[in-house]
1. If a paramagnetic tag sat 7 Å from the Cα of ASP361 along the Cα-Cβ line, which residues of region 181-224 would have the backbone N under 20 Å from that point?
2. Run through region 291-389 and list the GluC sites (Glu not before Pro) located in a DSSP loop whose Cβ has at most 16 other Cβ atoms within 10 Å.
3. At 7 Å along the Cα-to-beta-carbon direction for both SER64 and LEU353, put a label point, then send me their distance in nm to one decimal.
4. Take the alpha-carbon positions of region 202-387, form their convex hull, and give its projected area averaged over all directions (one quarter of the hull surface) in nm².
5. For a quick check: with amide H placed at 1.01 Å from N, whose amide H comes under 5 Å from ASN189's, ignoring anything fewer than 5 positions away on the same chain?
6. Under 14 Å Cα to Cα from LYS129, which aspartates and glutamates show up? Leave out anything in the same chain fewer than 8 places away.
7. Could you derive backbone 3J(HN,Hα) for region 235-242 from the dihedral phi with the Karplus parameters 6.51, -1.76 and 1.60 (θ = phi - 60°), listing whole Hz in sequence and x where the residue is Gly or Pro?
8. Give a residue-ordered list of calculated ³J(HN,Hα) values for region 121-129 (Karplus: 6.51 cos²θ - 1.76 cosθ + 1.60, θ = phi - 60°; whole Hz; x for Gly, Pro).
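We did not get these values from a lab; they are worked out from the coordinates using the rules stated. Just so we're clear, the structure is a prediction, and the values are computed from it rather than from any experiment. Methodologically, a virtual Cβ is constructed for each residue, glycine included, from the backbone with ideal geometry; neighbour enumeration extends over all protein chains shown.
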Amino acid sequence: MPPCCRGEPIALHPAGCGVKKFTNDVHMMDDINNNQFLAARSDDGPTEPISFPQPTIGNCELRSTLRAYDPTDGTCIELHDVIVSEGSGYAYWLRTTLRKAIYGSVVHCPVLTRSSSPSSVNADWVITKMECAIKIVELEELKSKGAAGEHRSENPLKEIAAVQHLMSTSSSTPQHVLSIFEAVQDEDNLYIVMPFCRDGELFDLVSDNASFDEIQTRSIMKQILVGVKAMHDAGICHRDLSLENVLLHEGNCQIIDFGLCLRVPQHEGLRRDTKSIRMKPQGKCGKLFYMAPEIYENTDAFNPYAIDVWSLGAMLFMMLTSSPPYDRPSPTDDMFVWFMRGEMEEIIKAWGLQLSSEVIDLMSGMMCVDPEKRLTLSEVLEHPWMKNL
């Protein structure tokens, strides 16, 4: 059985940006040269994505040194590389780099608040027990890549806009979608401040455990489906759902990386989670192991919610088998031919796996090559396997 290997995002349309400063000292995106982001609505035939509301981005200052009081031992220490937000009043100590990102890096940061009695502790700031993760985006890198027209796998400005839109339109805080505390910038960098998920990627958990049993897998899938339903209810198609894009924290799953998402028009004639929605091809994007075949072909109109369901099916497959379903969703791929034939049961038997008929039926429905016959998200949630305790 082939080992579970990390899927890497592939190219998509170029993205550029411009940032405009407003009189209230809040920065907002002024222009994005990305036909996935700004598009006209069409009521006739396949539609284009529509724009998100402009993301709110505040100002901050990066201080090379900052004196802070540590209440754990009652001492004052000098910190290096601290972001001070002008809007929220918090400061973030850039302590440990977690990983590199396409436009910069992701850093683990203790959170600081202003001292209520600076004279008594001999410091203006206090280190709290709170912690966060900050995605640092180099503005020059972001602008140069966009200006050069290079294909990138994510758009950080779109990510901010999408998550802020989701949070603002939901009646309560969306569960199992990683929120954004705030987004701030200085002259050099954009900083996206998010909760810190201590237990890493779902991908790593699957790799370390070879595979999950059906009970473990169902528990995880239920959480992910709650997050995806919140996105779809808000008219957001993720387009890059994967094990790598789910973080874990104390048993909770959090969906991340909205840089490829699309906002789906919800005007008359289009209904969420129905098979009648069609969007014009938007380019190949995402990771090959999770990519729906219609996105890989990139020739015909597609249902934006259906491609997320396919990706969820691939994630379910990989959790149960610890193997990618194919190398690429193409008729030239020998493994994918089995999926084209609808032979999920034969695939499982050929690998010598013992899975229930219910979960095999669910994967078959989620990874049906014909989008018209593919299960909708509502049908996935109502499937007998998902309802088992």
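1. Residues 214-219, 221-222 fall inside that zone.
2. Sparse-neighbourhood loop GluC sites (Glu not before Pro): GLU343, GLU372, GLU382.
3. 5.5 nm
4. So the Cα hull casts an average projection of 10.0 nm².
5. Amide H neighbours of ASN189, under 5 Å, 5+ apart: LEU139.
6. ASP70, ASP73
7. Working through the residues one at a time gives x, 10, 9, 6, 6, 9, 5, 6 Hz.
8. 9, 6, 7, 7, 10, 10, 7, 9, 7
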